[in-house]
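Visitor: Before we start, here is the structure in question, set down as structure tokens.
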Amino acid sequence: MLSPSVENAQAPEVPEFSSRALGFAAQLARRYNISSLRPLLESCRTFARQDTLNVAIFGRFKAGKSSFLNCLLRRELLPVGVIPVTSVITEIGYGPRERAWVQYAGGVTEEIAVDAIAEFVDENLNPENRKKVASVRVDLPSLEEFRAIRFVDTPGLESVLAHNTDVSRDWLPNVGLAIVAVGVDPPLSQRDIELIRELNLYTPKITLLLTKADLLDERGLAQVENYVRKQLNRYWNDAIPVYPYSIRPGFEHLREQFENALHQEGVARSSQQRAAILNRKLDTLLAECSGYLSVALKSGEAADSERQQVRRKILGDRQGLEDSRLALRLIVRHVSTNLRTGYEKLLESRERESRARLLDEFEQRWPQWNSSFRLAVTSFEEWVTRAITIEMTRLSNQHRGDFLEPLHRAGRQLSQTLQDFRNRISERTMEALGVPLRTTEVEIEPEIPRSPDIRIGRLFDREWELISFLIPMPLVKGIVENHFRRRIADVVFKNLSRLASQWEQKINPALTAMEKEALGRLDDLVATLERLLASAGQQAPQIRRDLEEAEQLRASLRQAQAAQPAVPHP
Ligand SMILES: Nc1nc2c(ncn2[C@@H]2O[C@H](COP(=O)(O)OP(=O)(O)OP(=O)(O)O)[C@@H](O)[C@H]2O)c(=O)[nH]1
Ligand SMILES: [Mg+2]
């Protein structure tokens, strides 16, 4: 999400038993020194603090998604059109001041004018998303009544522009409330049914908006509505409400009807929706607490003489642990040693284009410089320094995502290796004590470094300037021009290699930090288990009480979940 949302964030209300569950888990982690629960605990806390619910509109291209949001916002904010338009996720929410931001794929954020968003989200102005925009965020003071909601416009599905479909599909898991736009012309396809089925994996709250109702007369509309309801009922038994809608004058009553329903679901129940997701996370957290406590309890029951053996069975010997640590180090080492070659290969593929761009520009300027040798040299030097800086900055920004990719890859591999280690521990506690210890590794997130400052360094030896007045330009013009052309090629080559090394120097410390975090987590888990396994039998009564309370809390979380009306899975 874009950073400005944090400014506006207010802690949402968390149901009493959910905050009790969170507090209890934190207390258990402290009491038994279960330091390895820290990342999961932190992720639950962060989610509980989040204050907005996403209301996203999906559907086939040209279904009228952006037009609907414009109508709801009472202004022509989003671009609409007769050919596929929306190519980027656009999030619109409340903010005290009207503002808009672009979030680029590489992580950079840029503030833009609200009426300039089309330049970034419109397929025609940003074809195939060449600007590499990840999302656009808009804050509007007029959305005060929808404070808890963030409206999301998505690119149309199933257009010939596959990249637009991918953007929307990738975003699906973030959905809160889903609105599926289906035009009356033709109404509801098998693809729409598939879309609803997919959305259903992430949200129980789906509404169908039957758009362009004005294209039919009253009787026709009633027939289409009836048909759509019938089709939906084949899979979802009345669980998906259908609302006819039109942006045209004369259909205010339909718009009002839908907005009222949205208000009810989205505003009045947004905290309820968030609570459902939070409960799922807390259930996982408490299950992990119970796992650790069961291990402690079982090991407490073992005789002192056996305990040492149990410990060895579960944690293995020192060498085994060292091997696990080495596996983590090797992941980072492998990524780190291949950084430079990867970057060089990437930039090599851009060399020809950069050179051509600079040569082109040089060609245009050369006629103004070639009257004297001195003028030619100084003008060239000044120009090439500026031009190469611009070119390198452009490449660095454009490929920021590619430069950061190894960092994300290392994060995923480290998390997976730690999870494998956890799974092995779980199998071994099952063998040794008869209880599994199922725990989840929270993804290791890299610290994203800033792009490097572009440094060009010294380009030329200036001594030849001293004799420059002696050189007769008309005679050497051709030689000088060729020399400059070679210099351009040389400067591009050198600076691409310099850029690769600058990015390498930025990424390496971030990799080291991730390695440290991964090793720390492994050590934490081992230390936690050592402590729990060593805990003497006198703690048993307290552990039993805590286990019981954890299970009671989980039962109330599940009860709350069951009380929520949900769309049954087809
Ligand atoms: N008659 C009629 N036309 C509509 C209505 N809503 C949208 N349209 C038209 O349908 C076309 C597509 O509208 P958009 O809002 O761009 O559709 P979209 O779903 O956002 O399209 P993509 O962004 O390309 O996926 C435009 O020409 C709109 O004028 C409506 O209620 N009635
Ligand atoms: Mg659109």
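The values are calculated or read from the model by the stated rules, or taken from the named source; none is laboratory data. Fair warning: this is a prediction, and the values are worked out from it, not measured in the lab. Using ideal geometry, Cβ is built from the backbone for each residue, glycine included, and neighbour counts are taken over all protein chains shown.
Visitor: What residue, of Glu218, Glu225, is surrounded by 18 or more Cβ atoms within 10 Å (Cβ to Cβ), over 28 Å from the mean Cα position of the chain (by Cα) and among the acidic types (Asp, Glu)? Break it down stepwise before answering.
Guide: Details: Glu218 fails: surrounded by 18 or more Cβ atoms within 10 Å (Cβ to Cβ).
From the options Glu218, Glu225, the qualifying one is Glu225.
Visitor: May I ask you to list pairs of residues, at least six apart or on different chains, whose Cβ atoms are under 9 Å apart, with the first in the stretch 276-296 being among the charged types (D, E, K, R) and the second being not in a helix (DSSP H, G or I)?
Guide: Taking only residues 6 or more apart or on different chains, the pairs are Glu288/Ile34; Glu288/Leu437; Glu288/Arg438; Glu288/Thr439; Glu288/Thr440.
Visitor: Condition first: free of Cβ contacts under 8 Å to residues at least 60 places away in the same chain and within 18 Å of Glu98 (Cα to Cα). Now tell me which residues in the stretch 122-146 satisfy that.
Guide: From the stretch 122-146, those free of Cβ contacts under 8 Å to residues at least 60 places away in the same chain are 122-131, 133-134, 136, 141, 144; that's our starting set.
Answer for the stretch 122-146, where residues must be free of Cβ contacts under 8 Å to residues at least 60 places away in the same chain and within 18 Å of Glu98 (Cα to Cα): Val136, Pro141, Glu144.
Visitor: Just checking, how many residues over the stretch 412-434 are among the basic types (Lys, Arg), more than 30 Å from the chain's Cα centre (by Cα) and under 17 Å from Leu519 (Cβ atoms)? Walk me through it before giving the result.
Guide: Let us first name the residues in the stretch 412-434 that are among the basic types (Lys, Arg), namely 412, 422, 424, 428.
With more than 30 Å from the chain's Cα centre (by Cα) added as a condition, the list becomes 428.
Remaining after also requiring under 17 Å from Leu519 (Cβ atoms): none.
The total comes to 0.
Visitor: Looking at (1) out of contact with any Asp or Glu (no Cβ under 8 Å at 6 or more places or on another chain); (2) touching a residue at least 12 places away in the same chain (Cβ under 8 Å), which is the only condition Glu110 fails?
Guide: Just one mismatch for Glu110, condition (2).
Visitor: For the stretch 199-207, state whether one or more residues are modelled with pLDDT under 90, aromatic (Phe, Trp, Tyr) and not in a helix (DSSP H, G or I). Show your work before the answer.
Guide: Going through the stretch 199-207, the residues modelled with pLDDT under 90 turn out to be 199-206.
Next, only the ones that are aromatic (Phe, Trp, Tyr) stay: 202.
Then drop every residue that is not not in a helix (DSSP H, G or I), which leaves 202.
Looking for residues that are modelled with pLDDT under 90, aromatic (Phe, Trp, Tyr) and not in a helix (DSSP H, G or I), one finds at least one in the stretch 199-207, hence yes.
One line per residue, one yes/no per condition, for (1) outside the structural domain of Leu496 (by TED's automatic domain parsing); (2) surrounded by fewer than 17 Cβ atoms within 10 Å (Cβ to Cβ); (3) more than 30 Å from Thr429 (Cβ to Cβ):
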| position | (1), (2), (3) |
| --- | --- |
| Gln309 | no, yes, no |
| Arg318 | no, yes, no |
| Leu339 | no, no, yes |
| Tyr343 | no, no, yes |
| Phe362 | no, no, yes |
| Gln368 | no, yes, yes |
| Phe373 | no, no, yes |
| Val377 | no, no, yes |
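Visitor: Out of all the residues in the stretch 193-243, which are within 16 Å of ligand 2 (Cβ to nearest atom) and out of contact with any Leu (no Cβ under 7 Å at 6 or more places or on another chain)?
Guide: Passing the criteria: Leu209, Thr211, Lys212.
Visitor: While we're looking at this one, here's another question. Tell me, please, whether a residue that is modelled with pLDDT of 85 or more, of a type outside the set (A, V, I, L, M, F, W, C), assigned to a helix (DSSP H, G or I) and more than 28 Å from the chain's Cα centre (by Cα) can be found in the stretch 275-290. Show your work before the answer.
Guide: Initially, the stretch 275-290 is screened for residues modelled with pLDDT of 85 or more, giving 285-290.
Next cut, of a type outside the set (A, V, I, L, M, F, W, C) only: 288, 290.
Filter once more, so that each one left must be assigned to a helix (DSSP H, G or I): 288, 290.
Next cut, more than 28 Å from the chain's Cα centre (by Cα) only: 290.
Looking through the stretch 275-290, at least one residue is modelled with pLDDT of 85 or more, of a type outside the set (A, V, I, L, M, F, W, C), assigned to a helix (DSSP H, G or I) and more than 28 Å from the chain's Cα centre (by Cα).
Visitor: Given Arg311, Arg307, which one is within 30 Å of Gln27 (Cβ to Cβ), touching a Ser or Thr at 6+ places or on another chain (Cβ under 7 Å) and either within 16 Å of ligand 2 (Cβ to nearest atom) or among the charged types (D, E, K, R) (or both)?
Guide: Numbers: Arg311 fails: touching a Ser or Thr at 6+ places or on another chain (Cβ under 7 Å).
Testing whether each residue is within 30 Å of Gln27 (Cβ to Cβ), touching a Ser or Thr at 6+ places or on another chain (Cβ under 7 Å) and either within 16 Å of ligand 2 (Cβ to nearest atom) or among the charged types (D, E, K, R) (or both) leaves just Arg307.
Visitor: Would you point out which residue out of Glu256, Glu225, Glu194 is modelled with pLDDT under 85, in the same structural domain as Ala105 (by TED's automatic domain parsing) and assigned to a helix (DSSP H, G or I)?
Guide: Checking each option against the conditions leaves just Glu194.
Visitor: Continuing with this model, one more query. So, of the residues in the stretch 58-92 that are surrounded by 24 or more Cβ atoms within 10 Å (Cβ to Cβ), farther than 15 Å from Glu119 by Cβ and touching a helix residue (DSSP H, G or I) at 6+ places or on another chain (Cβ under 8 Å), which turns out to be modelled with the highest pLDDT?
Guide: Across the stretch 58-92, the extreme among qualifying residues is Ile92.
Visitor: Also: Can you tell me which of Thr154, Thr109 is under 30 Å from Gln190 (Cα atoms) and under 22 Å from the mean Cα position of the chain (by Cα)? I'd like the intermediate steps shown before the answer.
Guide: Numbers: Thr109 fails: under 30 Å from Gln190 (Cα atoms).
Checking each option against the conditions leaves just Thr154.
Visitor: Looking at Arg428, is it in contact (Cβ under 8 Å) with a residue 40 or more places away in the chain, of a type in the set (D, E, K, R) and in the same structural domain as Ile314 (by TED's automatic domain parsing)?
Guide: On the way: in contact (Cβ under 8 Å) with a residue 40 or more places away in the chain: yes; of a type in the set (D, E, K, R): yes; in the same structural domain as Ile314 (by TED's automatic domain parsing): yes.
Criteria met by Arg428.
Visitor: Given the condition at pLDDT 90 or above, part of a helix (DSSP H, G or I), farther than 29 Å from Tyr104 by Cβ and in the same structural domain as Val377 (by TED's automatic domain parsing), answer yes or no: does some residue in the stretch 490-506 qualify? If you could, list the steps in order and put the result at the bottom.
Guide: Narrowing the stretch 490-506 to residues at pLDDT 90 or above: 490-506.
Restricting the remaining residues to those that are part of a helix (DSSP H, G or I) gives 490-506.
Filter again for farther than 29 Å from Tyr104 by Cβ, leaving 490.
Within this subset, residues satisfying the condition of being in the same structural domain as Val377 (by TED's automatic domain parsing) are 490.
Yes, that holds for at least one residue.
Visitor: Counting only residues that are under 22 Å from Glu76 (Cα atoms) and surrounded by 15 or more Cβ atoms within 10 Å (Cβ to Cβ), how many does the stretch 100-113 have?
Guide: So the answer is 5.
Visitor: Taking into account only those residues within the stretch 113-149 that are within 14 Å of Glu91 (Cβ to Cβ), modelled with pLDDT of 90 or more and in a strand (DSSP E or B), which is farthest from ligand 1 (Cβ to nearest atom)?
Guide: Taking the candidates together, the pick is Asp139.
Visitor: Restricting the search to the stretch 51-88, which residues are more than 16 Å from ligand 2 (Cβ to nearest atom) and touching a Leu at 6+ places or on another chain (Cβ under 9 Å)?
Guide: As a first pass, look at the stretch 51-88 and keep what is more than 16 Å from ligand 2 (Cβ to nearest atom): 51-54, 74.
Within the stretch 51-88, Leu53, Asn54 qualify.
Visitor: Look at Glu91 and say whether it is away from ligand 2 (no atom under 12 Å from the Cβ), of a type in the set (Asp, Glu), without any contact (Cβ under 8 Å) to a residue 40 or more places away in the chain and not in a helix (DSSP H, G or I). Step through it out loud before you land on a result.
Guide: Numbers: away from ligand 2 (no atom under 12 Å from the Cβ): yes; of a type in the set (Asp, Glu): yes; without any contact (Cβ under 8 Å) to a residue 40 or more places away in the chain: no; not in a helix (DSSP H, G or I): yes.
No: the conditions fail for Glu91.
Visitor: For the stretch 98-112, does any single residue satisfy the condition of being within 13 Å of ligand 2 (Cβ to nearest atom) and not in a helix (DSSP H, G or I)? Can you show your working first?
Guide: Keep residues of the stretch 98-112 that are within 13 Å of ligand 2 (Cβ to nearest atom), which gives none.
Among the residues of the stretch 98-112, not one is within 13 Å of ligand 2 (Cβ to nearest atom) and not in a helix (DSSP H, G or I), which makes the answer no.
Visitor: I would also like to ask the following. For the stretch 35-62, enumerate the residues that are under 28 Å from Gln272 (Cβ atoms) and within 16 Å of ligand 1 (Cβ to nearest atom).
Guide: If the condition is that a residue be under 28 Å from Gln272 (Cβ atoms) and within 16 Å of ligand 1 (Cβ to nearest atom), then Val55, Ala56, Ile57, Phe58, Gly59 are the ones that fit.
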